[in-house]
Amino acid sequence: MDETYQLREVMDDTRELRERLTRAWQTTLEVAIEQGMPARAVIETMVTVAHERYSDCFGLAAAANYLQLLAEQLRDIEKNDTESLISGDEALVFASGEDVEMAIDPNWLVDGKASG
């Protein structure tokens, strides 16, 4: 079966799957750092490789839209933190990384939402 087709299929996305994948990425990161590689270089390389693979599989526009979605989420968190500091209120607690990942519909590409 064509690999690109497999990536475009609707996936059975579960919290358990995301937790396993997160642990796998964290382990890869930790092993590379333990082997003496600079943490920043490891992280930047992992992001670059993932982004290139995403672009190859789903197209440049979809990759750009996904990065924009992630950037908007980070801006919202930063805005909340800044407003809380200014007002003296306690910052809102946003979902954990796993919860944020689960909140992003894994089928947004195949549902035609990637074109904006």
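The values are calculated or read from the model by the stated rules, or taken from the named source; none is laboratory data. Everything numeric here is computed off the predicted structure, so don't read it as measured data. So basically every Cβ, Gly included, is an ideal-geometry build from the backbone, and we count neighbours across all protein chains shown.
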Q. Where residues in the stretch 68-97 are surrounded by fewer than 12 Cβ atoms within 10 Å (Cβ to Cβ) and among the polar types (S, T, N, Q), which of them is modelled with the highest pLDDT?
A. Gln68
Q) Is one or more of the residues making up the stretch 51-67 modelled with pLDDT under 90 and either of a type in the set (Gly, Ala, Ser) or part of a loop (DSSP other than H, G, I, E, B) (or both)? A) no
Q. Pick from Met11, Met37: which is modelled with pLDDT under 90, surrounded by 11 or more Cβ atoms within 10 Å (Cβ to Cβ) and among the aliphatic types (A, V, I, L, M)?
A. Met11
